[in-house]
1. What are the principal axis extents of the Cα atoms in segment 598-682, in Å, biggest first?
2. Any idea what angle helix 378-389 forms with the longest principal axis of the chain, computed on alpha-carbon atoms, 0 to 90 degrees, nearest 10?
3. So how far apart, in nm, are the two label points at residue 678 and residue 803 if each is 7 Å from Cα heading toward Cβ?
4. Taking all pairs of different Cα atoms in segment 550-627, averaging 1/r and flipping that mean, what Kirkwood radius in angstroms comes out?
5. At what distance in angstrom do the alpha carbon centres of segment 220-275 and segment 454-525 lie from each other?
6. Compute the distance from the alpha-carbon center of segment 526-579 to that of segment 84-123, in whole Å.
7. Only bridges whose two residues both fall in the chain count here: according to DSSP, what percent of them are antiparallel, nearest 5?
8. To the nearest 0.05, what FRET efficiency results for residue 222 and residue 541 with a Förster distance of 51 Å applied to their C-beta separation?
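FYI, it's all coordinate maths here, none of it is from the lab. Predicted model only: the values in this text are computed from it and were never measured. Here the Cβ positions follow ideal geometry from the backbone for every residue, glycine too, while neighbour counts run over all protein chains shown.
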Ligand code: BGC
Ligand code: NOJ
């Protein structure tokens, strides 16, 4: 194996990933903020901030597709007698004597050293605060007195990230700022309909400032060599129109060994309509002053940082495993859970692959995300379920996406993705099992946010499954609509026009016969859960009704969905098979193997085992399982976007990490622990980190959506990191199916599925008001719990009944 260059390493004790070379193969980013105010920050301090919605409330500007990549961020320039550098190396790119970036739980610390000066910046968003704190510590490590010129830098976005990038005829005339002491206020459009503004403050006296970009940078210079910094002289510019920025200028003298802290604060404020101004044209800064006062000393900042760390301690104490395998433990205990929080917060909106403009919260995405997050903060998952369900239509169909700020369904994309409704059951059931809170089912929830249309959430679940039942095709399998989970299998699109969106175009759907085996499996899995739920709440008749629909679906799959060695993927518009041995290309797809094995359809007839074997045989490669095999080599217009991708990328035979766990769960249900583990380890970031940092390119501490598949030009290259359903699915798979700790209505079900080599391990699990210390003795078994001893007494079955307090559990397999 080729020895790959390494750019960093894990520091488990501090729950950090430590980057030691700024020239990572792609920006390696982190997320700051847990509610309302968010920032993205790269390992060189690139990125941006926004309030709630990356499109409508963008606070600082960022240019995607930039050259060089990842230019623009929060930058500190240090001019040390003409040597000009940044602690994060960029944008000046002056070689540093030392560089380190530590990405931790909702914070990032970047440290640079040059010529005996150390600059270390801690970036975080304090809990319940609409601001990013940047605590800069300058230390003179040399033997001589240092006089430094320090410049800060942020560039304002004119709020709407979309129009900010296109409407220049207006934008170049609207920019407005106010300057008050060491605070620069951004108030573009505040004079009219906006009641919000932002500010950038430092808790020190400043010797100058700049607020106009061209004056600060110089029209022919760049972020890497701004005029003001190069000359060591601020311009004290006032932005009117053009591009407003915020830069403080501070002269700092440090004796040998001396250290000074500066707290920079990037804040966001909303004012009531009648309290917008303190004088004509002057913003009311009361709330800003109050916010600044909360963080105006190092002590206050340190306290807020300690609170943030305590918050993460508590979250990560809910599920803690000790297996003795560091690579597994660090993903389960730290990074996988962290990524789940991030995907819950952001859905697929803002990353270095998602512009924050195009997509809001996805219906299916957000339901899946909450399954990875629900154990952390159930109350937030509850609200999310209500928000999502409120965008559903009365017939059970749903908007594919909604905007987080307005919580309204997104008309640009609309609905028609026929898998969407089922995911609401997936999410809701996970919430009730975790929390025990059945009352959510009685919540009154509108359709399409229309007041007066409210029905119970339970009714929403019912119409969701009815939507599948009411939309069956000629083989009694679910009609696919615009697409199912695979957004790119657009069987009714038929597009020859490059200006059409594959996602929203349905040129022919009248008379369609396009059916999805993936939805069939998803339906069986989620409808089975619904039946269990109906039993729990004594809706027996409804449960029976649904059981009949499940039985019929299972029959339909066995009869029309089995290809001999694997499950078919779909039927196309004309009723022809997709994902069959009869096809020229893409003979087998992963999605239907995953869902139909999870649904255990035809297990007795050997279908499940054969399907799982076929995944190993045809889909698996060194880096995971590809989505389909062989890849499409040409565009098939009856299939849509899927065949638009070059071989091995994205939905055309890429390794969609998202759906590998489906097959892994199928393996676990079938009791094949060795196979489950080997699939899992292939896409486990800590294993990839060890072997493939350079090839993989993207952050080695989180999963990415897609790794280039075996047919690709460069197999193993990762893309679309961070915001992917993979996070939740990896979590669900490892926590519930591999390690085998499954929340259930009445307690915790213990049912691990492990490789033979697994040794004894413990899981500490907080569950509602209880604490369980669980020790599992696998005894070389892959599956099958022989005995559970709860607090010294053996119990019947595999469910530990819930009761509050502390419990010890011994499990023998
Ligand atoms: C991507 C999909 C994505 C879809 C969303 C497609 O181009 O390949 O992964 O879900 O766009 O719009
Ligand atoms: C990414 C989307 O966010 C998700 O909803 C979809 O299922 C996958 N791509 C596969 O197309």
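1. 39, 28, 19
2. Roughly 70 degrees between the two axes.
3. Calculated label separation equals 4.4 nm.
4. Over segment 550-627, the inverse of the mean reciprocal pair distance is 12.6 Å.
5. For segment 220-275 versus segment 454-525, the Cα centre distance is 52 Å.
6. Using only Cα atoms, the two centres lie 55 Å from each other.
7. Of those bridges, close to 95 percent are antiparallel.
8. Once the sixth-power term is evaluated, E becomes 0.15.
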